[in-house]
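Structure record follows, encoded as structure tokens.
The values are calculated or read from the model by the stated rules, or taken from the named source; none is laboratory data. Bear in mind that the values here come from a model prediction, so they are computed numbers and not experimental data. Here Cβ is always computed from backbone atoms with ideal geometry, including for glycine, and neighbour counts include all displayed protein chains.
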Amino acid sequence: VADAQIGTNTVVDYFSLIVETPSIGLWGACGDAIQGGECQNFTFTITEFGIVGDYIEGEYMGELQFQGSGSTQVVMGSFRIRIDQIIDRGSVSGLVWLDDNMNGIRESGELPGEVRSITLYTSNGERIERLTNLSEYELHFNESGEYYLEVELFGGFQLSPADQGSDDSIDSDFDPVTYRTDIFYVDAGQEVPGFDIGISYTGVMTCDIELIENDYCFSGNGGVLVIVEGASPPFTAQLFLDGVELPNQVFDDNVMELFGLIGGEYLIVITDANGNICETEFFVESFDIECFINGSPPLCNQNDGTLEVNTNVWQIGGFPQITWSNGSTELILQDVSSGIYTVTITDINSQCEAVCTYELESLGNESSVVGKIWADSLGVNINTYDTGDLRLSQVEVRLYESSDLTNPVNTTFTDINGVYTFEDLVPGEYQVEVIPYQNLTFVDQDFGMDDTIDSDIDPATGRSALFELDICNVIDAGLKF
């Protein structure tokens, strides 16, 4: 939020929200020209600053556009932002080397090595900072005091003897039994180099597998990363699929990439130039495209239904190619009538496809009252529902009989599509009341000549006019910021 101060702030530089659903992970953002677009109708209310300026607390409300679908959603909540203070930090640093003769002294010609992690602790065991996968490091502390370092090695390596010789700038400083340095004292802001780590191979060769990609569409595009520790290249890799040997491959690195794998159970046997062997098993899973459709019904046979297709193509093969039976290529169909709709999904390489069908039925009859609650998502307040306007979920709606306009006969909330329904009503005269979100007001009532896209709620009362049950009864409400 630009120029943050107590009270309402409307200038939002950037905002993002992570939304996890059972089928797919989505995120929405605004303020980013590539992914999120413009921040629209966002209000941040700052309620408290930290006494020394170390945090900001408040509430927010506005609209986000979601990646992929392009749909927008009203979001609201509270926030607390921590502000780090500027301090004079000290540091300890060092490097890792391969100690070929295991004498604990770094000599000319010996190569850099790598360790899995190194961690800085206070003398009472409180962890301060940890770095991983490194051949040199710099760890930081804020206060004067006593500290120690601890190192974790990759498999197949061991520590050199500590504190050998008389030159502390070229020896190894980590105990090969405890994997720690001695406890040392440093002043705040002090920079202390020279905590070096000598390592060597143990002669025990290990190999691990990291899955890069499963095989999607059964097309042989799986891949794995093979990591060999405790030995030096070159390596020969023998690969077996379900017991059948595949052609051998030779690698000149401790990290190997294997691609073009189909789904199945694999065994890989790695041999180095000295005849040392390691082997491991792994499984590559095959996936096919799947899809399903969510629908929001049209009300009383109006053209205001919505269909949205969901697919796993993002996980297994990039952005999907979409074709609806009405010719649309969008993830979401808006303003559609009742009927049977079919969508065909293919992966980006058109190697496989899935077909989904959905029957969209109209909602509403002579014994029900239905409606949609929408917001002017573009903020132009045109007073009528338009394609792209947000459907608002969890809005409270109350139904009254004309004989008692104080006590509702039923109360409900709009669903995820912004639709509410009152069913199994007896003939009579009724009235609908809508309880809007905080900071939202109603658009004008009965604006324009098209009753299918206007708002039926009086902005002054939040209620509709009294109406008799008819063949189909639709009471919509439009809200604005």
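The figures follow:
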| item | result |
| --- | --- |
| Residue identified as surrounded by 17 or more Cβ atoms within 10 Å (Cβ to Cβ), polar (S, T, N, Q) and under 26 Å from GLY220 (Cα atoms) among THR306, THR311 | THR311 |
| GLY194 farther than 29 Å from ARG89 by Cα and either of a type outside the set (Gly, Ala, Ser) or out of contact with any Pro (no Cβ under 6 Å at 6 or more places or on another chain) (or both) | no |
| Residue that is touching a Gly at 6+ places or on another chain (Cβ under 7 Å), at negative phi and modelled with pLDDT of 95 or more, where the choices are GLU429, GLU401 | GLU401 |
| Answer residue from segment 387-413, given it is part of a loop (DSSP other than H, G, I, E, B) and aliphatic (A, V, I, L, M) and is farthest from VAL336 (Cα to Cα) among those | LEU405 |
| Segment 441-456: number of residues that are crowded, with 17+ Cβ neighbours inside 10 Å and under 38 Å from the mean Cα position of the chain (by Cα) | 5 |
| Flag for ASP173 being among the acidic types (Asp, Glu) and touching a Ser or Thr at 6+ places or on another chain (Cβ under 8 Å) | yes |
| Tally, over segment 160-212, of residues that are without any contact (Cβ under 8 Å) to a residue 40 or more places away in the chain, more than 18 Å from ASN101 (Cα to Cα) and crowded, with 16+ Cβ neighbours inside 10 Å | 3 |
| Condition met for ASP470 (at negative phi, in a loop (DSSP other than H, G, I, E, B) and of a type in the set (Asp, Glu)) | yes |
| Filter result for the condition that a residue is buried (at least 19 other Cβ atoms within 10 Å of the Cβ) and either at pLDDT 90 or above or not assigned by TED's automatic domain parsing to the domain that holds ASN473 (or both), over ASP335, ASP347 | ASP347 |
| Filter result (in a strand (DSSP E or B) and within 20 Å of GLU110 (Cα to Cα)) within segment 152-175 | PHE157, GLN158, LEU159, ASP171 |
| Scope segment 410-429; condition in contact with a strand residue (DSSP E or B) (Cβ under 6 Å, 6 or more places away or on another chain) and surrounded by 15 or more Cβ atoms within 10 Å (Cβ to Cβ); matching residues | ASN410, THR412, THR414, ASN417, GLY418, VAL419, TYR420, THR421, PHE422 |
| Some residue of segment 127-137 being in contact (Cβ under 8 Å) with a residue 12 or more places away in the chain and either over 32 Å from the mean Cα position of the chain (by Cα) or not in a strand (DSSP E or B) (or both) | yes |
| Considering residues of segment 351-386 that are outside any strand (DSSP E or B) and at pLDDT 90 or above only, the residue surrounded by the fewest Cβ atoms within 10 Å (Cβ to Cβ) | GLU366 |
| Number of the exception - ILE128 against (1) more than 23 Å from THR202 (Cβ to Cβ); (2) β-branched (Val, Ile, Thr); (3) loosely packed, with under 14 Cβ neighbours inside 10 Å | (3) |
| All positions within segment 438-466 that are without any contact (Cβ under 8 Å) to a residue 24 or more places away in the chain, touching an Asp or Glu at 6+ places or on another chain (Cβ under 6 Å) and part of a loop (DSSP other than H, G, I, E, B) | ASP446 |
| Segment 390-414: number of residues that are touching a residue at least 24 places away in the same chain (Cβ under 8 Å) and within 34 Å of the chain's Cα centre (by Cα) | 8 |
